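The values are calculated or read from the model by the stated rules, or taken from the named source; none is laboratory data. If you're wondering where the values come from, they're calculated on a predicted model, not measured in any experiment. Cβ placement follows ideal geometry from the backbone for every residue including glycine, while neighbour counts extend to all protein chains displayed. Surface areas here come from the heavy atoms of the whole protein model, side chains and all, with no ligands, DNA or RNA. Shrake-Rupley method; radii C 1.70, N 1.55, O 1.52, S 1.80 Å.
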Amino acid sequence: MPRILVVDDDAAILKLISVILSRAGHEVRTSNHPVEALDLLKVFTPDLVISDVVMPYMTGLEFLEKVRDNEQLGALPFVLLSSHAERGDVRRGMNLGADDYLPKPFTPLDLTTAVDARLRRAGLTIQGESGMLAKGLGTAQVVWKGAAVAWVSRKALELFFYLLEHKEVTSWEAAEALWPEKDEARASSLFHTTLHRLRRSLSNEAVVSTNRRYALAVDLTPEYDVQRYELLAGQAENGSLGLEELRELAAIYGHFLPGADSPWVDDVRSRLEQKQLSILGLAARAATEAGRAKDAAMLHQRALAIDPMSELDWQGLARALDTIGDPRARLAAQREAWWAVDLD
């Protein structure tokens, strides 16, 4: 999955680009300050950078110069965002080593076309080795052969992710997982109907059957965001990641398969929540040790949004807020949640 860093001091533009590119199958990181973006680049190496030209403290051109001066990032594809009044800056940017520019205002098609063209020139695509990308964290989407799959039914999409999670299953195992409230005959019928719809959405060869056991075809090995998240979570638990890397990892997390309602989905959500709580705990501890109490407070708050009964996170939140002199330390000490208030 190509990774894209977007830098712009306009929060609305950041949100717009993030939504468009995420839906197109990219992993997107954003920063509203080029100096912070340079720090982010120390722990996150994107495949493409998109940067506004006019920003306070450091312009997009100065940011581009800093990136090009870095030996490891010197060849990183770089796209400038510019308004009509900034065309002179664009020419200077191209002379400094920018690869392309995108004029404002732009449409979603303008953005995805420019990004895809630049990634193709860099030899990258949005698919994994099989030409497929499966995203289950915070969304439910499969990208195949450069386009989002149009599923015949929502349950067919869920069956696809069930097979991703369980590798090989019997028809009864799948039926019991996806339709636990149905009797055996009805659940079996629903499974075979949904299997047919899954194949219609992808291809007749997408799911293979051997000895009444079903699995995705061996040539369908999508890049799966849950698998990548859990792999990195294992590295975090082994102490291999620093604070910024832990923060980046925590940002990958999202509610698994929104809209799905099955016991197996609940099991996956519970498993991922526990990993996220572990990551947030490690990151909060690292932030505290680094003297970054505000960051620690935000991390404890995020953990409490998942598990409001975590006594360790209440204590950590109260201590961190007290350290920075935030009056909400009293609320935290009393175990009162104010989550409608942003720590920023």
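Determine, from the Cβ-Cβ distance of Thr193 and Asn95 and an R0 of 51 Å, the FRET efficiency 1/(1 + (r/R0)^6), rounded to the nearest 0.05. Calculated value: 0.25.
Considering only GluC sites (Glu not before Pro) in DSSP loops that have at most 14 other Cβ atoms within 10 Å, the longest stretch of the chain without any of them is 206-335. Solvent-accessible area per residue in the chain equals 50 Å², computed with a 1.4 angstrom probe and all protein chains kept. For the stretch 108-119, the Karplus equation 6.51 cos²θ - 1.76 cosθ + 1.60, evaluated at θ = phi - 60°, returns couplings of x, 5, 4, 5, 5, 5, 5, 5, 4, 5, 5, 5 Hz by residue, with Gly and Pro reported as x. Could you sort out which of Lys104/Lys135; Lys66/Lys294; Lys145/Lys182 sit more than 31 Å apart by Cα distance in this structure? From Lys104/Lys135; Lys66/Lys294; Lys145/Lys182, over 31 Å: Lys145/Lys182.
Taking each residue as 0.36 nm, the span from Gln334 to Ser153 lengthens on full extension beyond its C-alpha to C-alpha distance by 60.5 nm.
If you take every DSSP beta bridge whose two residues both sit in the chain, what share of them, in percent to the nearest 5, is antiparallel? Antiparallel bridges: around 40 percent, rounded to the nearest 5. When the accessible area of the chain is computed with all protein chains present and a 1.4 Å probe, what percentage of it is carbon and sulfur? Carbon-and-sulfur percentage of accessible area, whole number: 49. At full extension, Leu109 and Asp9 could sit 33.8 nm farther apart than now, given 0.36 nm per residue minus the alpha carbon distance.
Sort out for me the Cα centre separation of the stretch 206-274 from the stretch 97-123, rounded to whole Å. So the two Cα centres are separated by 30 Å. Taking 51 Å as R0, compute the FRET efficiency from the Cβ-Cβ separation of Glu184 and Tyr57 and round it to 0.05. Using R0 = 51 Å, I get an efficiency of 0.20. Rounded to the nearest 20 debye, the dipole magnitude of the chain is 760 debye, with +1 charges on Lys and Arg beta carbons, -1 on Asp and Glu beta carbons, and the Cα centre as origin.
Annotation: the chain has a Kirkwood hydrodynamic radius of 22.4 angstrom, from the mean reciprocal C-alpha pair distance. Of all DSSP beta bridges confined to the stretch 1-151, the antiparallel ones make up roughly 25%. Spacing of the modelled spin labels on Asn238 and Val43, each 7 Å from Cα toward Cβ, amounts to 1.9 nm. Placing unit charges on the Cβ atoms of the charged side chains and taking the dipole of the chain about its Cα centre, the candidate lying farthest along the positive direction among His255, Val90, Leu163 is Leu163.
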